[in-house]
Amino acid sequence: MIRLNAIPLDYEPRNKIISELSKHGRGLENFILMSEFDSAFLCGALKTFRPKKILEIGVAAGGSTAIILQVLEEIGAPYEMHSIDLSDILLIEGYTNYSSGFLGTFAKEKIFGNLHGTHKLHLGKILPQVIDEIGGGIDFVILDTVHSLPGEVLDFPAVLPYLADNAVIVLHDVSLHQLRQDKCNATGVLFGAVTAEKFLNFQPEKYLFRYPNIAAFRVNEQTAANIENVFLALMLSWDYWPTDEQVKIYREHYRRFYSDALVEIFQDAVDMNAYNFAKARNND
Ligand SMILES: C[S@@+](CC[C@H](N)C(=O)[O-])C[C@H]1O[C@@H](n2cnc3c(N)ncnc32)[C@H](O)[C@@H]1O
């Protein structure tokens with residue numbers, strides 16, 4: 001089921017946090033990376049579904065963290081939010097002396113003060129390494145990491161057993177491959193492969209394409225029943241090789257929740273891609 005233009009776009013929280021950050025006069029507002037439209041969709045989804053346990057995967061400076069916190073504070077209900085980033089330091093050229101998530105921390109301390117909920121940063125780790133600590137009952141996830149395969153396709157089956165019924169997953173950069181005309185995009189692939197209720201809003205005319213760069217889906221009883229389609233998407237050619245250690249961690253994590261058949265499919269995807277990466281290296 002696809003729901004077009006069903007999320008009421010909310011442009012205000014991004015404007016508000018930008019205005020607050022700019023008062024500090026350090027150019028902090030420039031670390032808000034998400035476009036106006038993408039932020040409006042994210043904020044609209046938060047206001048529509050009013051989640052209680054939020055997981056952000058892919059933090060960078062913390063621009064999206066600050067926007068999400070702004071919305072949660074506007075809603076004013078208790079919440080628990082966790083943000084994971086593989087990197088301890090900000091991987092933006094010229095800013096590697098900043099920690100990942102520094103902007104979210106700044107916003108918490110200097111803008112929001114006492115929060116209605118809690119927010120915890122988990123840095124230097126991938127999802128399977130921290131998800132047991134975070135625990136189940138997650139009802140809202142934003143996935144915004146590498147955007148190239150395998151990327152976010154690895155993380156969705158890893159987080160699925162920890163989701164509440166009807167949890168909502170927002171995917172950023174679902175059409176990045178068209179915008180940049182390059183890699184096969186992991187969030188776009190995941191959005192296509194997953195079985196769920198899917199939400200997308202068309203962009204206004206000022207944007208290059210009508211099809212958006214952000215979308216969401218809501219899990220239902222069919223999502224876990226058809227998860228093999230997400231594993232099968234990993235058969236596509238990977239754009240980068242995660243470390244061998246990361247591959248092992250995902251495999252061990254999948255083994256805890258999925259059938260031998262699905263773990264075998266994952267391993268075949270790993271083997272085929274490993275073979276082709278080695279072949280490409282030998283041809284260099
Ligand atoms: C596009 S940025 C996130 C932008 C952020 N959501 C925002 O809008 O401000 C991607 C981030 O994902 C992180 N990342 C890459 N691979 C990851 C993984 N497997 N798990 C968690 N974080 C990852 C990178 O270190 C980087 O900081």
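The values are calculated or read from the model by the stated rules, or taken from the named source; none is laboratory data. Please read these numbers as outputs of a predicted model, since none were measured by experiment. Note that each Cβ is placed from the backbone with ideal geometry, even for glycine, and that neighbours are counted across all protein chains shown. Accessible surface is based on the protein model in full, side chains and every heavy atom, while ligands, DNA and RNA are left aside. Shrake-Rupley method; radii C 1.70, N 1.55, O 1.52, S 1.80 Å.
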Next item on the list: List every residue pair whose Cβ atoms sit under 7 Å apart, with the two residues 6 or more apart in sequence or on different chains, where the first one lies in the range 38-64 and is at positive phi and the second, anywhere, is more than 13 Å from the ligand (Cβ to nearest atom).
Entry: Arg50/Ile75; Arg50/Ala77; Gly62/Thr105
Next item on the list: Those residues that are within 18 Å of Met34 (Cβ to Cβ) and of a type in the set (D, E, K, R), I need them from the range 200-224; list them, please.
Entry: Lys206
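Return the residues of the range 15-37 that are in a helix (DSSP H, G or I), touching a residue at least 24 places away in the same chain (Cβ under 8 Å) and open to solvent by 40 Å² or more (accessible area, probe 1.4 Å); say none if nothing qualifies. Outline the logic, then answer.
Pass one, the range 15-37, residues in a helix (DSSP H, G or I): 15-22, 28-31, 36-37.
Now narrow it down to the ones that are touching a residue at least 24 places away in the same chain (Cβ under 8 Å): 16-17, 20-21, 28, 31, 36-37.
Lys16, Glu20, Glu36, listed by residue number.
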Item checked: Top-ranked residue of the range 92-107 - restricted to ones that are in a helix (DSSP H, G or I) and of a type in the set (Gly, Ala, Ser), ranked as surrounded by the fewest Cβ atoms within 10 Å (Cβ to Cβ) -> Ala107
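Assess whether Asn185 counts as being without any contact (Cβ under 8 Å) to a residue 40 or more places away in the chain and either polar (S, T, N, Q) or in contact with a His (Cβ under 9 Å, 6 or more places away or on another chain) (or both). Don't jump to the end; show me each part of the working.
Numbers: without any contact (Cβ under 8 Å) to a residue 40 or more places away in the chain: yes; either polar (S, T, N, Q) or in contact with a His (Cβ under 9 Å, 6 or more places away or on another chain) (or both): yes.
When the stated conditions are applied, Asn185 passes them.
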Notebook entry, point to check: When the range 57-91 is examined, which residues are found to be more than 9 Å from the ligand (Cβ to nearest atom), open to solvent by 20 Å² or more (accessible area, probe 1.4 Å), within 18 Å of Ile17 (Cβ to Cβ) and of a type outside the set (Asp, Glu)?
Noted result: Ile75, Gly76
Note to self: in contact with an Asp or Glu (Cβ under 7 Å, 6 or more places away or on another chain) and hydrophobic (A, V, I, L, M, F, W, C): is that true of Phe102 in this structure?
What the structure shows: no
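Scan the range 234-266 for residues that are among the aliphatic types (A, V, I, L, M), over 17 Å from Leu86 (Cα atoms) and part of a helix (DSSP H, G or I) and jot them down.
Step one: of the range 234-266, the residues among the aliphatic types (A, V, I, L, M) are 234-236, 247, 249, 261-263, 265.
Narrowing further to those that are over 17 Å from Leu86 (Cα atoms): 234-236, 261-263, 265.
Ala261, Leu262, Val263, Ile265 - these are the residues of the range 234-266 that are among the aliphatic types (A, V, I, L, M), over 17 Å from Leu86 (Cα atoms) and part of a helix (DSSP H, G or I).
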Note to self: I'd like to check something: does the range 201-209 contain any residue that is touching a Lys or Arg at 6+ places or on another chain (Cβ under 7 Å) and either open to solvent by 50 Å² or more (accessible area, probe 1.4 Å) or not in a helix (DSSP H, G or I) (or both)?
What the structure shows: yes
Next item on the list: Go through (1) open to solvent by 10 Å² or more (accessible area, probe 1.4 Å); (2) under 22 Å from Ile126 (Cβ atoms); (3) of a type in the set (Val, Ile, Thr) and name the single condition Thr195 misses.
Entry: (2)
Margin query: Here is a check on your reading of the model: is Asp173 buried (at least 23 other Cβ atoms within 10 Å of the Cβ), within 16 Å of the ligand (Cβ to nearest atom) and at positive phi?
Written below: yes
